[in-house]
Amino acid sequence: MTPGIEKGFAQQVAETAYAIGRIGGIERRELLYLYFAAQLHELGKVALDRELISTSPGELSHDDQALYRQYPLLGGLALEGVDYLSDVARFIATHQENWNGSGSPHQLKAHEIPMGGRIVRVARDYVLMINGLERVAPHARPRHAMTEMHSQVGGLYDSEVLVWLERFVERRQRDEGTEDERLTVARQLMPGMVVSRDFYTSHGVLMLARNHVLTERNVDHLVDLQQIEKGEISVWVQV
């Protein structure tokens with residue numbers, strides 16, 4: 001784990017991964033495997049030298065970085081022999097693979113990576129980001145994290161999983177509430193409203209940038225998109 005991240009990191013990752021999976025329609029049994037994998041995703045680090053895992057990866061030598069990148073595989077191997085934990089082992093072993101094939105330990109890409117591994121990766125990185133943004137106001141951290149993660153769609157992350165994460169973040173912030181913005185469904189949007197957060201389509205494409213002033217054409221496009229995607233679309237706007 002990155003030095004300085006607060007205690008309870010694995011629990012935060014597990015809860016986030018579970019929520020993402022629920023939004024994505026993952027079946028209940030797979031959700032449980034996903035939750036356990038997220039809880040145990042750093043299990044392989046127990047096989048590594050304490051000094052190695054307490055040092056920031058960016059400060060390690062080339063050889064030590066190569067060794068460190070094996071921790072997902074080591075964690076998966078630790079559970080591989082337990083039949084009922086085989087999916088948990090697979091998710092742990094693949095949670096550091098990248099969508100474009102540049103990850104580790106096996107350079108899997110796209111749909112070669114199990115969905116559970118893709119979800120744990122997104123949940124882990126999101127939790128790391130929001131906990132590492134000490135200089136950003138707490139209510140703004142999710143927005144900063146999502147902007148950064150969307151810039152890595154197609155590289156590190158599966159765009160579909162990021163959409164599920166976005167919906168989770170929106171629901172949580174809607175429950176918590178903010179004073180300067182509100183989440184507004186497409187049919188209630190009006191020209192002149194100012195977008196307060198970047199809006200992405202379900203394919204991870206940026207459609208409306210933060211601070212964009214909505215036009216009548218924008219509103220019509222959003223209503224049309226809602227019909228195409230067969231689901232309610234909401235946009236954060238300033239109040």
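Under 17 Å from the mean Cα position of the chain (by Cα), assigned to a loop (DSSP other than H, G, I, E, B), assigned by TED's automatic domain parsing to the domain that holds residue 123 and surrounded by 15 or more Cβ atoms within 10 Å (Cβ to Cβ): which single residue out of 20, 26 fits that description? Break it down into steps so the answer makes sense when it comes.
Values: 20 fails: assigned to a loop (DSSP other than H, G, I, E, B).
Of the residues listed, the single one that is under 17 Å from the mean Cα position of the chain (by Cα), assigned to a loop (DSSP other than H, G, I, E, B), assigned by TED's automatic domain parsing to the domain that holds residue 123 and surrounded by 15 or more Cβ atoms within 10 Å (Cβ to Cβ) is 26.
Kindly evaluate residue 106 against the criterion of being out of contact with any Lys or Arg (no Cβ under 8 Å at 6 or more places or on another chain), outside any helix (DSSP H, G or I) and not basic (Lys, Arg). Spell out how you get there, then give the answer.
Numbers: out of contact with any Lys or Arg (no Cβ under 8 Å at 6 or more places or on another chain): yes; outside any helix (DSSP H, G or I): yes; not basic (Lys, Arg): yes.
Against the criterion (out of contact with any Lys or Arg (no Cβ under 8 Å at 6 or more places or on another chain), outside any helix (DSSP H, G or I) and not basic (Lys, Arg)), residue 106 qualifies.
Among (1) in contact with a helix residue (DSSP H, G or I) (Cβ under 6 Å, 6 or more places away or on another chain); (2) at pLDDT 90 or above, there is one condition residue 183 misses while meeting the rest; what is its number?
The single condition residue 183 does not satisfy is (2).
Out of all the residues in the range 27-86, which are in contact with a helix residue (DSSP H, G or I) (Cβ under 6 Å, 6 or more places away or on another chain) and of a type in the set (Lys, Arg)?
Passing the criteria: only 45.
Please enumerate the residues belonging to the range 4-29 that are out of contact with any Asp or Glu (no Cβ under 7 Å at 6 or more places or on another chain), of a type outside the set (Phe, Trp, Tyr) and over 19 Å from residue 166 (Cα atoms).
4, 5, 6, 7, 8, 11, 27, 28, 29 - these are the residues of the range 4-29 that are out of contact with any Asp or Glu (no Cβ under 7 Å at 6 or more places or on another chain), of a type outside the set (Phe, Trp, Tyr) and over 19 Å from residue 166 (Cα atoms).
Given the condition under 29 Å from residue 171 (Cβ atoms), assigned by TED's automatic domain parsing to the domain that holds residue 102 and among the β-branched types (Val, Ile, Thr), answer yes or no: does some residue in the range 50-65 qualify? Spell out the reasoning first.
Taking the range 50-65 as the starting set, the residues that turn out to be under 29 Å from residue 171 (Cβ atoms) are none.
No; the residues of the range 50-65 include none that is under 29 Å from residue 171 (Cβ atoms), assigned by TED's automatic domain parsing to the domain that holds residue 102 and among the β-branched types (Val, Ile, Thr).
The values are calculated or read from the model by the stated rules, or taken from the named source; none is laboratory data. Bear in mind that the values here come from a model prediction, so they are computed numbers and not experimental data. Positions of Cβ are backbone-derived with ideal geometry, glycine not excepted, and every protein chain shown enters the neighbour counts.
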